[in-house]
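Student: I have a structure here, written as structure tokens, and I will follow up with some questions on it.
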């Protein structure tokens, strides 16, 4: 059952990610990004990371995807023909494919050749306890810094995007 | 439970997702699509971190995922603000038509 779900989610993630990258229509890209985020959230659930999965849905789908769709709507002329989005020329395409093949081969070789220490998969009841304790004790300073960073980013984004 | 799906499967899936994101960043011209591809790459890294965290029973990996998500949200807000003001200035979001630094 788990294998079946894993392959289903993997298929959804890779298929919709390909649509994001290869589609000519930018709205199709934005909407298939939704399925990628949902697929990754499903994989988190399969890995028993429940809180991360919920946060993935709230932050990525509720926040970032909505922002991206607003960006699409504000920067393309819907009534015109400009909703199509082009790719680069042939030289860049060849260079890019060489670079991408090198990256893919090296990553997959790295991941398959390293002898990972094999441990029994422990099945936690819930991860919220350990995450909450870690945030409030060991990772308290990074937590506060992240909060300040979010505030700065919010103010900066408003300042950059406002009409002069 | 989960004895058939090894950790390597998740890692390879994460590598493939990262590669797809790299293709998008390198070949597309529209700044917003480049942006979405960046989000794909961040998601790939998050997936591998959560896989490590679950298979080693250590919640530190999931903590890092939260920090990456906070950074991704900040990056999305600032990046889209930059794209928006760029569009207001140059009437385009194609990155190869924005060459004010090139001479």
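The values are calculated or read from the model by the stated rules, or taken from the named source; none is laboratory data. Every value quoted in this text rests on a predicted model; they were computed, and no experiment measured them. Because the Cβ atoms are built from the backbone with ideal geometry, glycine has one as well, and the counts that use them run over all protein chains shown.
Student: I'm trying to understand the selection: among the residues of the range A:88-113, which are at the interface with chain B (Cβ under 7 Å from one of its Cβ atoms) and within 15 Å of residue B:16 (Cβ to Cβ)?
Tutor: Of everything in the range A:88-113, those that are at the interface with chain B (Cβ under 7 Å from one of its Cβ atoms) and within 15 Å of residue B:16 (Cβ to Cβ) turn out to be A:100, A:103, A:104, A:107, A:108, A:111, A:112.
Student: Hey, could you check the range A:56-75 for residues that are buried (at least 20 other Cβ atoms within 10 Å of the Cβ) and either within 7 Å of chain B (Cβ to nearest Cβ) or more than 13 Å from residue B:72 (Cβ to Cβ) (or both) and say which is modelled with the lowest pLDDT? Before the answer, list the steps.
Tutor: Initial filter on the range A:56-75 (buried (at least 20 other Cβ atoms within 10 Å of the Cβ)): A:56, A:60, A:64-65, A:68, A:71-72, A:75.
Restricting the remaining residues to those that are either within 7 Å of chain B (Cβ to nearest Cβ) or more than 13 Å from residue B:72 (Cβ to Cβ) (or both) gives A:64, A:68, A:71-72, A:75.
Values: A:64: 91, A:68: 90, A:71: 87, A:72: 87, A:75: 80.
Result: A:75.
Student: If you scan the range A:4-55, which residues turn out to be under 20 Å from residue B:68 (Cβ atoms), more than 9 Å from chain B (Cβ to nearest Cβ) and touching a residue at least 60 places away in the same chain (Cβ under 8 Å)?
Tutor: Matches in the range A:4-55: A:50 only.
Student: Out of (1) buried (at least 23 other Cβ atoms within 10 Å of the Cβ); (2) farther than 24 Å from residue B:24 by Cβ, the odd one out for residue A:40 is which?
Tutor: All conditions are met except number (2).
Student: Just the residues that are assigned to a helix (DSSP H, G or I), at pLDDT below 90 and surrounded by fewer than 21 Cβ atoms within 10 Å (Cβ to Cβ), please, taken from the range B:27-51.
Tutor: Across the range B:27-51, there are no qualifying residues.
Student: Would you confirm whether or not the range A:140-149 contains a residue that is more than 7 Å from chain B (Cβ to nearest Cβ), at pLDDT 90 or above and in contact with a helix residue (DSSP H, G or I) (Cβ under 7 Å, 6 or more places away or on another chain)?
Tutor: Just the residues of the range A:140-149 that are more than 7 Å from chain B (Cβ to nearest Cβ), to begin with: A:140-141, A:143-145, A:147-148.
Still in the running and at pLDDT 90 or above: A:140-141, A:143-145, A:147-148.
Subsequent filtering for residues that are in contact with a helix residue (DSSP H, G or I) (Cβ under 7 Å, 6 or more places away or on another chain) retains A:143.
Yes, the range A:140-149 has at least one match.
Student: What number goes with the only condition from (1) at pLDDT below 90; (2) part of a helix (DSSP H, G or I); (3) more than 8 Å from every other protein chain (Cβ to nearest Cβ) that residue B:92 does not pass?
Tutor: If we test residue B:92 against (1) at pLDDT below 90; (2) part of a helix (DSSP H, G or I); (3) more than 8 Å from every other protein chain (Cβ to nearest Cβ), just (2) comes out false.
Student: If you don't mind, there's one more thing I want to ask. Here are B:24, B:61, B:79: which of them is within 29 Å of residue A:8 (Cβ to Cβ), more than 7 Å from chain A (Cβ to nearest Cβ), touching a helix residue (DSSP H, G or I) at 6+ places or on another chain (Cβ under 7 Å) and in a helix (DSSP H, G or I)?
Tutor: Numbers: B:24 fails: more than 7 Å from chain A (Cβ to nearest Cβ); B:79 fails: within 29 Å of residue A:8 (Cβ to Cβ).
Exactly one residue qualifies, and that residue is B:61.
Student: To continue, here is another question. Here are some residues: B:19, B:27. Which one is without any contact (Cβ under 8 Å) to a residue 24 or more places away in the chain and touching a strand residue (DSSP E or B) at 6+ places or on another chain (Cβ under 7 Å)? Outline the logic, then answer.
Tutor: Details: B:19 fails: touching a strand residue (DSSP E or B) at 6+ places or on another chain (Cβ under 7 Å).
One residue alone meets the criteria, B:27.
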